[in-house]
Each structure stands twice: as structure tokens, then as C-alpha cells.
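Okay, structure first, notes after.
What follows is calculated from the coordinates using simple rules that are stated; it is not laboratory data. This is a predicted model, so every value here is computed, not measured. As a convention, Cβ positions derive from the backbone with ideal geometry for all residues, glycine included, and neighbour counts pool all protein chains shown.
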Amino acid sequence: MNISSIIDIIDGELQNSPSISFIYNIKTDPKKVIEGDLFLAKNYEEIIIALKNGAFGIVYDFEMEVLDKEIAWIKVFSVDESLVKLFRFKFSTFNLEVYYCDKVTFDLLNIFKYLNKQIKLISSKLYRSTKIIENISEDEIFFSSDEELIKNIYPNYKKFSQKDYKIYNLIEHSLFETSFSYEEKYFQKLKIPSLYINQFLDVYNFFDTDLDFHKLAKFSHFKPIFVDKYLNIIDFGKSNKFIICQKNLDLLVNEISYLEKKYKYGKTIFISPIFIENLKEKQIVLENLDDLKHVIKKENFNAIYIMGYDKIKVEEILRLSLHENTELF
């Protein structure tokens, strides 16, 4: 792509008179830059790495001197907006199949995408998906769970089907494990809550082939962390105490409603960084996740629902050494 075309697309200002006039690919990770790439920089340190790796052009939105007059230095108002504009330009030259789907469906697609190499998932953090625009094909199918983003990139996007499927013989073995019949197939003890059966069937029908249901172990939404009385993590179903984490705020309302409806017989505590109104159960405001074990060690609970914090981080906090655990109690 010509440097002059890029400048027009991203509304940039060329800060020098470079000897190069063409770039090959767009990169946002300085370590992946190779000779001929255009690099979109977040800071000075990234630029130094990109230059060493052979960048032909630098796009940036902060004060920066021209370090190499041979390459193109393009200053913009916002690097993030520039990346959106580059995606929009690339997508506009093709007739593509582009879908918006909810976060649960997006994550299920990610689990089973190995079944169809034409599936391309666009992260809401767009810099993670720049490889997509290196070699776009009209045979590919694009998905995003960020509707505003996909609207900016490809206004002719469609909403991925989320039907209200007719299921039979529903058995909820627990909050986290479900069996049911759909059409001519019986799904036995899937590691997925009944809350997300519709999304699961959307993905199942989309692939139109047998899925390896063991891969649902990677499904992270409403996924329990079972703990013993000392808050040590133990195997699935080996305790009557569990912790659910949900960082995605868009899913909180439905998951909380599901928990309150399906788990009336257990004591639930809600934890969040800020106070949430209208919760029926006890609520704890936790501004620092490192304090989690100290806060809940004396609480009597069956379930803890943690809002706004990542499951992996919560597991790290809980995986203290035996010595640290015994000191807490």
C-alpha cells in the first residue's frame, strides 16, 4: 500500500520526506514487525523495537522526534482510531460475511473455530486482530462481540442468529452441567449452564458437524471454582462451596438472575469493586482483589459471585501456599 494512500485513510500528517513510498503489512506488536511493515505505536519503547526490526513506517499520536529520516513518520490524532480506519478501508474493498454476536457465542466460536479455518474472530481490542487484514478473503467469515466496533469497520454486518430453540428432556444436573434433547440428538451432561443453551445451539448449528464436547472445559462463563473450607481450589463438584467470576459487565444481569432463581437453597455472597443496588443477597465491596481471602475467610457461604474481576486472577489469589493458608486461619 502506498504511504500517500495510508495518510489519506487515517487522516495523518507526514512529519518528514521518506525515501520509501510503500509498505507491505500493518503491525501493532513491535516484536512481530519485519522489514517493510507499517507499525502503529503506543509508546517510545515500542518504536525503538520496531525500528530495529525493519519498520518502513511509524504511526503515532504523541510527541516524538524523527529518528530515521529514511522511513515514514505519520502523526495522527489517535492510533486506535487510525487502526479502525485501516480495517474499515480494507473491509470496504470486499463483499464479506461479517457478524455481530454476543460475548458468550463469541467465546464458544473461539473454542470450536478449529473446525473451520475460514472463521476469523475480531477482538474488541482491535490491535490483537491486525493479522486479519493482511490477507482478507471473501471466503472468510468474520465475527465480533463488539457491536459498535463492527459497525464502524463494516456497516453491512449482520446479527448472528440467536433463536429460542425448542429443547426437550432438560435435566439440570447442577448449575453448571446440563442434559437435553434437541431435534434428533441427546446432549448428555454438557459442562455448560442451561442459561447458555441457546448460544451453544447457535454455534452447534453453525458448524453443522459433530463437536468435541470435552472442549467445553475451556468455556469460562459461569464456570465454578470449587473450594474447600480453607479456600483451597479442589476438583469440580467435590465441595458445596464454589466461586463464580464474571468480568464482562454485559453478562452480569442474566447471570445474577440465573443464580438467584436456580440457587435459592444456598447462601450466596456478591463481591464487586463498587456497591450494586437491588441485590437480594449479602454484598461485599472489594476494591483490591489481593484482599479476597482475608475478606471471605470468616464468611459463611455456599456461593460467591465476583463481579468485575477475572477468573484467572481469582484463581491465582486462591492458590496460596499451604503455609500462607494456615496463617490465615
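Put +1 on the Cβ of each Lys and Arg and -1 on the Cβ of each Asp and Glu in region 224-328; which of SER239, VAL227, VAL295 then has its Cα farthest toward the positive end of the dipole?
SER239
Please give the charge dipole size of the chain, origin at the Cα centre, charges +1 on K and R Cβ atoms and -1 on D and E Cβ atoms. Round to the nearest 20 debye.
Numbers: 44 positive and 50 negative charges, 256 e Å.
That gives the chain a dipole magnitude of about 1220 debye.
Amide H neighbours of ALA72 under 5 Å, at least 5 residues apart or on other chains, H built in the peptide plane: list them.
GLY57, ILE58
With springs only between Cα atoms under 10 Å apart, run a GNM on the chain and tell me which of GLU287, GLU183, GLU147 wobbles the most.
GLU183
Before rounding to the nearest 500, sum -39500 (n - 2.57) across all DSSP H runs of length at least 4 in the chain and divide by the residue total; then give [θ] at 222 nm in deg cm²/dmol. Before the final figure, lay out the partial values.
On the way: 10 runs with 90 residues, N = 329.
The per-residue figure over the chain is -7500 deg cm²/dmol.
Which net charge results for the neighbourhood of GLU45, defined as the other residues with beta-carbon distances under 14 angstrom from its beta-carbon, given Lys and Arg at +1 and Asp and Glu at -1?
Working: positive: LYS31, LYS42, LYS52; negative: ASP29, GLU46.
It works out to a net charge of +1.
For region 285-295, in order, what is each residue's ³J(HN,Hα) by Karplus, 6.51 cos²θ - 1.76 cosθ + 1.60 with θ = phi - 60°, in whole Hz (x at glycine and Pro)?
Here the 3J(HN,Hα) series is 8, 10, 7, 10, 4, 4, 8, 4, 5, 5, 6 Hz.
Over the chain, what is the mean sequence separation of C-alpha contacts under 8 Å (at least six apart), divided by residue count, expressed as relative contact order in percent?
Details: 558 pairs, mean separation 35.9, N = 329.
In percent, rounded to a whole number, it is 11.
Could you work out the per residue convex hull volume over the alpha carbons of region 99-191, in cubic angstrom? The partial results should precede the final answer.
On the way: hull volume 12.8 nm³, N = 93.
That works out to 137 Å³ per residue.
For ILE119, list long-range residues whose amide hydrogen, built 1.01 Å from N in the peptide plane, is under 5 Å from its own amide hydrogen.
Amide H to amide H, under 5 Å and 5 or more residues apart or across chains, ILE119 pairs with ILE141.
In the Gaussian network model of the chain, springs joining C-alpha atoms below 10 Å, which of LEU216, LEU51, LEU67 carries the largest mean-square fluctuation?
LEU67
³J(HN,Hα) across region 3-9 via Karplus (A = 6.51, B = -1.76, C = 1.60, θ = phi - 60°), whole Hz, x for Gly/Pro?
4, 4, 5, 4, 4, 5, 5
Which of the listed residues, PHE213, TYR186, SER257, is farthest toward the dipole's positive end in region 131-257, when Lys, Arg count +1 and Asp, Glu count -1 at the beta-carbon?
Value: SER257.
Can you pick out the pairs among LYS52/LYS90; LYS241/LYS261; LYS241/LYS264 whose Cα atoms lie more than 23 Å from each other? Display every interim value, and only then the final one.
Numbers: LYS52/LYS90 27 Å; LYS241/LYS261 18 Å; LYS241/LYS264 14 Å.
Exceeds cut-off: LYS52/LYS90.
Kirkwood Rh over Cα pairs of the chain into Stokes-Einstein at 4 °C, 1.567 mPa s: D in µm²/s? Walk me through the intermediate numbers first.
On the way: Rh = 23.0 Å.
The estimated diffusion coefficient comes to 56 µm²/s.
Compute, for region 208-323, the length of the dipole vector about the Cα centre, with Cβ point charges of +1 (Lys, Arg) and -1 (Asp, Glu) only. Units Debye, rounded to 20.
Magnitude of the dipole: close to 520 debye.
Post the alpha-carbon centroid distance, region 92-115 to region 1-17, in whole angstrom.
31
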